[in-house]
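The structure under discussion appears below in the form of structure tokens.
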Amino acid sequence: MYNKREILLALKDNINLLTTNNILEKINDNLFTSKQIELLKEHAKKYSSDTESQISYRKHRLFSNTGDRAVYEKDYFSKRGDLMTFSLLSFLYPDNNVYITNLENILWSICCEYSWCLPAHFLDAEDNIIDFNMRSCHIDLFACETGLALCETLQINRNNLSNELIATMENEVNRRILEPFSNPNNFYRFEKMSNNWSSVCGGSIGSIAMYLIKDKYKLTNILHRALSCIDVYLKSFGDDGVCTEGVSYWTYGFGFFVVFADLLFQKTQGKLNLFDNSKVKNIALSQQLCYIYDNHVISFADGIPTDTYRLGLASFLQKKYKEVKLPDIQYATNLYDDHCYRFCLSLRDFLWSSEDTVFGLEENISEYLEDSQWFISKNTSTSIVAKGGNNDESHNHNDVGSFIYYKNDKPILCDLGAGLYDKNYFSDKRYNNFCTSSKSHNIPIINGHLQEFGKQYKAKNIETLLTDNVDSFSLELQDCYDDNTLKLYSRSIEVKKNTAPKITITDTFEFKKEGIVTENFISLCPIEVLDNRVVFTNGNIISHMEFDSVNMNAKVSDHSFVNHFEEVVPVFLLQLTPKEKSKNVTIILTLS
């Protein structure tokens with residue numbers, strides 16, 4: 001990316017990295033930021049230092065003892081939410097002593113924490129559990145986020161904090177983040193992780209270094225290593241710029257990348273410009289492709305079916321790249337929608353939001369994204385998104401060949417997205433989970449076999465056609481199943497875009513000996529079988545699936561799962577099975 005000499009020569013002294021000029025005047029005239037200020041004030045009224053979340057040892061040990069992450073992390077992130085609240089309010093209202101006192105107490109409490117790393121992340125570069133004596137200064141996503149949050153709190157509130165607290169904060173960030181990262185004997189798993197981790201950690205550490213380190217040579221060394229993480233992150237994308245982890249992870253990883261890239265641009269007065277890169281531009285443009293309708297998004301892998309976007313981040317990107325399009329402002333993230341309370345992104349919702357931002361997405365999209373192998377056919381009456389890929393993608397689900405189908409503005413056949421994160425979810429038991437296994441995706445079960453995990457389980461021979469009247473997508477999926485009797489499984493999806501749109505799905509199977517196939521479909525809306533039709537009812541929208549009822553049996557069953565937010569969600573499963581085994585099976589389904 002950049003060598004050390006290039007970095008050293010580009011660095012400038014006495015650069016104000018965080019410009020807050022006229023911020024109060026700017027945000028008071030902005031309806032979105034005015035609303036966020038009211039939310040901050042409401043949260044502040046509920047806060048009491050006597051009831052501040054205390055991270056107990058019992059809660060700290062829960063992950064090791066039971067695999068539970070949620071209890072400890074609730075308290076951990078609650079404190080980060082309090083930090084966000086009072087750091088921003090102290091910045092906006094520097095004469096309010098109550099805000100400043102609460103901020104000081106929260107900062108002191110964070111500086112006194114045993115570790116900023118989550119217990120679930122006490123892992124070395126080979127994913128082995130680290131020794132107890134290494135944990136207090138171990139670096140993970142949230143240790144990095146915390147360090148950056150303290151640095152940026154100092155940037156905007158330094159004049160309101162005591163010299164003792166300032167020194168403590170700087171010492172703790174150095175001790176927990178910069179010194180371990182500067183040690184050449186330490187190598188961290190995020191330095192080789194081809195996903196959001198390399199961006200969040202590398203970008204945070206590089207940003208922290210630019211705020212705290214004055215020595216150019218020391219800063220150069222840290223930036224060089226941080227940029228190697230950024231390089232790993234960018235290489236995790238294909239040229240199409242799609243984040244296969246989901247929109248939330250796009251916001252997370254790319255958001256921290258943009259924060260770092262902007263600070264680096266300022267620190268070098270534009271000589272090191274990570275935005276001048278075609279792949280970075282395509283990543284910036286990919287968010288808008290993920291919106292199906294309103295706040296409903298493509299939820300493959302550990303995405304979530306409905307999502308919001310960071311207004312500050314999106315506004316900044318629209319200024320960088322005029323092609324960037326934003327959903328309606330009502331779907332912008334409110335500060336407390338983010339349960340991790342990511343401070344650098346919250347701060348930039350104030351600093352980067354602009355009255356000049358233009359809103360509105362394209363209603364009609366026909367796209368095939370070659371690197372991610374995503375097919376998108378979207379219009380106001382019918383939308384379908386299908387995927388190829390392989391079963392070893394970041395935050396993987398075993399879902400090659402699956403699809404999401406909307407009629408008008410309502411989801412009919414869905415992708416559930418992320419399940420509850422616990423110890424088993426990120427272990428060799430991951431695919432026992434309903435959400436991650438192919439049981440919960442719109443793909444068949446073949447001779448009792450589900451799809452398998454691994455990069456070798458992949459789609460091949462993909463063909464697409466995108467025209468004014470018809471979009472089509474076909475692929476072969478036999479390699480996704482560990483079944484040596486399966487010679488061929490091809491899936492074809494054809495979308496006819498006329499006054500009465502219709503989607504035809506054709507699945508073709510060839511076996512060495514007679515086999516049995518069960519078509520498997522998942523929905524959040526009730527399902528009823530009537531003769532040769534399956535009826536899906538979502539509010540005022542009714543969708544039909546026509547099938548061969550003479551030769552196939554239909555079964556509807558109820559299930560439930562626990563989603564990423566600990567909510568029990570009811571779902572409906574449709575299974576269509578030929579009445580007879582055969583060596584050659586063709587199943588044609590029509591959606592309207």
Notebook entry, point to check: So what is the 222 nm mean residue ellipticity for the chain from helices alone, if each DSSP H run of at least 4 adds -39500 (n - 2.57) and you divide by all residues, rounding to the nearest 500 deg cm²/dmol?
Noted result: -10500 deg cm²/dmol
Checklist line | Nearest 10 degrees, 0 to 90: helix 141-157 Cα axis against the chain principal axis | finding: 40 degrees
Margin query: With θ taken as phi - 60° and the coefficients 6.51, -1.76 and 1.60, list the Karplus ³J(HN,Hα) couplings across the stretch 175-184 in order, rounded to whole Hz; mark glycine and proline as x.
Written below: 5, 8, 10, 5, 5, x, 5, 6, 6, x
Check: Which loop-located trypsin sites (Lys or Arg not before Pro) does the stretch 302-339 contain, where loop means any DSSP state but H, G, I, E or B and the Cβ has at most 10 other Cβ atoms within 10 Å?
Finding: LYS322
Notebook entry, point to check: Roughly how many percent of the accessible protein surface of the chain is carbon and sulfur, given a 1.4 Å probe and a whole-percent answer?
Noted result: 45 percent
Item checked: GLU164, GLU567, reordered so the largest accessible area comes first (probe 1.4 Å) -> GLU164, GLU567
Margin query: I need the trypsin sites (Lys or Arg not before Pro) found in the stretch 157-255, filtered to DSSP loop residues with at most 14 other beta carbons within 10 Å of theirs.
Written below: LYS192, LYS214
Check: For the stretch 1-119, what does the alpha-carbon gyration tensor say about shape, rounded, prolate or oblate, given a ≥ b ≥ c as the root eigenvalues, a/c under 1.5 as rounded, and a/b over b/c as prolate?
Finding: oblate
Note to self: Test of the criteria: in the stretch 340-408, which GluC sites (Glu not before Pro) are in a DSSP loop and have at most 12 other Cβ atoms within 10 angstrom of their Cβ?
What the structure shows: GLU355, GLU362, GLU363
Checklist line | Gyration tensor verdict on the stretch 278-436 (Cα atoms; rounded if a/c is under 1.5, prolate if a/b is larger than b/c, oblate otherwise) | finding: oblate
Item checked: Å² of accessible area per residue within the chain, as computed with a 1.4 Å probe and no ligands counted -> 42 Å²
Notebook entry, point to check: By DSSP, what percent of the beta bridges with both residues in the chain are antiparallel, rounded to the nearest 5?
Noted result: 100 percent
Next item on the list: With a point put 7 Å past each Cα toward its Cβ, work out how far ASP75 is from LYS581 in nm, to one decimal.
Entry: 5.7 nm
Note to self: Rounding to the nearest 10 and keeping the result within 0 to 90°, find how far the Cα-based axis of helix 163-173 lies from the longest principal axis of the chain.
What the structure shows: 40 degrees
Next item on the list: Could you estimate the translational diffusion coefficient of the stretch 344-483 from the Stokes-Einstein equation, with Rh from the Kirkwood formula over C-alpha pairs, at 37 °C and 0.692 mPa s, in whole µm²/s?
Entry: 191 µm²/s
Notebook entry, point to check: On a 0 to 90 degree scale, rounded to 10, what angle separates helix 70-92 from the longest Cα axis of the chain?
Noted result: 50 degrees
Checklist line | Net charge of neighbours whose Cβ lies under 14 Å from the Cβ of MET169, counting Lys and Arg as +1 and Asp and Glu as -1 | finding: -3
Notebook entry, point to check: For ALA301, which sequence-distant residues (separation of 5 or more, or a different chain) have an amide H within less than 5 Å of its own amide H, given hydrogens modelled in the peptide plane?
Noted result: HIS397
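The values are calculated or read from the model by the stated rules, or taken from the named source; none is laboratory data. Since we're looking at a predicted model, the values are computed, not measured. Cβ coordinates were reconstructed from backbone atoms using ideal geometry, including for glycine residues, and neighbour counts include every protein chain displayed. When the accessible area is computed, the model is the full protein with side chains, heavy atoms only, and any ligands, DNA or RNA have been set aside. Shrake-Rupley method; radii C 1.70, N 1.55, O 1.52, S 1.80 Å.
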